Amino acid sequence: MHDFNFKKDQLFCENVSVEKIVKEVGTPVFVYSHKTLVDHLIKIKTAFAKISPLICYSMKANSNLTICSELVKNGAGIDIVSGGELYRAKKIGVSGKKIVYASVGKTETEIAEAIKTGILFFNAESIPELELINSVAGRLRKKQNVAIRINPNVDAHTHHYITTAKKQNKFGIDMGTSRKIFLQLSKKLKNVKLCGVHVHIGSQIEEVTPFIQAIKKSLALINELNKKGAGITHLNIGGGLGIVYRKERPQTADDYARAILPLLKDSGLKVILEPGRFIAGNAGILLAKITYVKDTPAKRFVIVDAAMNDLIRPSFYDAYHEIVPVKADKKEKLKKADVVGAICESGDFIAKDRRLPEALKPADILAVMSAGAYGFTMSSNYNSRRRAAEVLVKGNRYFIITKRESYADLIRNEVVAKV
């Protein structure tokens with residue numbers, strides 16, 4: 001599952017002690033395992049080898065340049081959702097033909113830059129967006145591949161903030177409108193080649209049934225449309241595979257492939273996948289130093305130097321992340337405590353009511369597990385806090401892949417106006 005393990009009661013990432021990293025880099029710091037990242041990509045490639053899909057890593061999960069570059073070196077394409085992510089993809093030299101571009105709110109400038117880059121597909125999410133892509137492509141004298149992101153009205157049975165394929169969600173186009181786009185509107189879009197269907201139903205999905213439902217609906221629509229001359233050649237089945245944070249029992253890549261390959265293998269379609277969390281989630285941890293241990297009549301608070309600005313998932317999604325001291329002592333007496341940060345919000349917590357060693361004290365280091373996805377990438381400077389450093393471990397070496405921000409970085413784009 002991951003390459004963070006205890007050796008002689010000390011936590012290691014691969015073959016590097018995380019305490020060594022803390023001593024040299026400081027806290028808070030995100031630490032990633034290169035082996036875990038690549039292994040998870042390879043698991044998906046191996047599971048789906050029979051249909052040779054294009055696997056486009058979903059950059060929004062973790063957009064660090066080094067991490068994305070290492071995945072691209074190992075055969076991944078990139079799934080992007082903004083002009084900034086396109087800029088990152090170009091920085092690491094990924095071929096435009098291995099980039100797919102989702103998002104409900106692409107701007108005219110973003111669309112133009114993506115077309116100039118030669119991206120493989122836009123995943124279009126509305127008729128106005130389609131019309132804008134057509135207009136921009138015409139101005140640039142290009143013909144752009146576009147997939148329609150359909151909304152199959154499937155419940156992914158995950159957190160409501162990360163469900164994306166119910167009719168109440170902002171994502172995708174309903175099935176009826178999608179039919180009209182392929183069979184009628186497409187004739188008017190001279191600078192767009194509508195040759196793909198995209199379906200992404202959400203994130204952190206633990207069971208296969210919603211995927212099967214969505215893919216069956218997608219294939220039925222494609223078969224219907226192709227019989228009428230639509231010419232659809234690609235099916236992008238998105239991402240969404242869950243990972244283990246606590247007691248989850250998500251499907252493995254092999255389980256997932258075993259369930260859906262029978263649906264895809266004889267379809268004649270080129271298949272695209274967009275895994276993100278599955279690759280990065282368990283490949284990273286957040287290390288934080290204890291600042292104070294505060295006992296009150298109601299409860300104990302372990303106050304650390306990481307906060308909701310570093311890892312917002314617990315506050316935002318009520319998400320669970322395992323927390324372990326980087327020095328293990330199985331004989332220690334445990335006591336319930338909340339692990340909280342220094343931000344001036346009652347919602348600033350990393351964990352609540354966790355059984356942690358009673359002897360924890362200032363300067364001890366805690367590891368927040370499974371923080372490789374939607375950790376640093378969702379972090380902010382709230383309360384004028386500097387964002388954390390990031391480190392990648394490979395074997396017995398580690399590399400700083402994001403420097404810790406300075407206070408000067410916090411105000412680098414600000415101007416004191418003379419008003």
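One residue stands out in the stretch 261-291 among those that are assigned to a helix (DSSP H, G or I) and crowded, with 19+ Cβ neighbours inside 10 Å: the one that is farthest from the chain's Cα centre (by Cα), namely LEU264.
Identify, by number, the condition in (1) on the phi < 0 side of the Ramachandran plot; (2) touching a His at 6+ places or on another chain (Cβ under 9 Å) that GLN204 doesn't meet. Only one criterion in (1) on the phi < 0 side of the Ramachandran plot; (2) touching a His at 6+ places or on another chain (Cβ under 9 Å) is unmet by GLN204, namely (1). Taken residue by residue, the stretch 49-66 has at least one member that is under 21 Å from SER370 (Cα atoms) and surrounded by fewer than 19 Cβ atoms within 10 Å (Cβ to Cβ). Filtering the stretch 195-209 to residues that are over 23 Å from ASP255 (Cα atoms) and crowded, with 24+ Cβ neighbours inside 10 Å leaves GLY196, VAL197. Looking at THR36, THR27, THR46, just one residue is surrounded by fewer than 17 Cβ atoms within 10 Å (Cβ to Cβ) and β-branched (Val, Ile, Thr), and that residue is THR46.
Pairing each residue of the stretch 345-357 that is among the charged types (D, E, K, R) with any residue that is not in a strand (DSSP E or B), provided the two are 6+ apart or on different chains, yields C-beta distances under 6 Å for ASP348/ALA307; ASP348/MET308; ASP348/GLY341.
Condition check ((1) of a type in the set (Lys, Arg); (2) out of contact with any Pro (no Cβ under 7 Å at 6 or more places or on another chain)) across all residues:
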| position | (1), (2) |
| --- | --- |
| PRO314 | no, yes |
| ILE350 | no, no |
| PRO362 | no, yes |
| ARG386 | yes, yes |
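Kindly check whether there is at least one residue in the stretch 193-204 that is assigned by TED's automatic domain parsing to the domain that holds ASN123, under 23 Å from TYR32 (Cα atoms) and not small (Gly, Ala, Ser). Yes, the conditions are met somewhere in the stretch 193-204. Please go through the stretch 288-305 and pick out each residue that is touching a strand residue (DSSP E or B) at 6+ places or on another chain (Cβ under 8 Å) and farther than 15 Å from PRO362 by Cβ. Answer for the stretch 288-305, where residues must be touching a strand residue (DSSP E or B) at 6+ places or on another chain (Cβ under 8 Å) and farther than 15 Å from PRO362 by Cβ: just LYS299.
Checked against (1) within 20 Å of THR209 (Cα to Cα); (2) at pLDDT 90 or above, VAL146 passes all but a single condition, namely (1). The condition (being touching a Cys at 6+ places or on another chain (Cβ under 6 Å) and β-branched (Val, Ile, Thr)) is satisfied by just one residue among VAL415, VAL419, VAL393: VAL393.
Filtering the stretch 210-260 down to residues that are hydroxyl-bearing (Ser, Thr, Tyr) and farther than 25 Å from ALA371 by Cβ, which residue is surrounded by the fewest Cβ atoms within 10 Å (Cβ to Cβ)? Among those that are hydroxyl-bearing (Ser, Thr, Tyr) and farther than 25 Å from ALA371 by Cβ, it is THR233. Do we find that THR209 is in contact (Cβ under 8 Å) with a residue 12 or more places away in the chain and of a type in the set (Ser, Thr, Tyr) in this structure? Judged against the criteria, THR209 is not a match. The residue that is farthest from HIS321 (Cα to Cα), counting only those in the stretch 208-246 that are among the small types (Gly, Ala, Ser) and within 19 Å of the chain's Cα centre (by Cα), is GLY238.
The values are calculated or read from the model by the stated rules, or taken from the named source; none is laboratory data. All values derive from a computational prediction rather than experimental measurement. Virtual Cβ from ideal backbone geometry, glycine too; neighbours counted across all protein chains shown.
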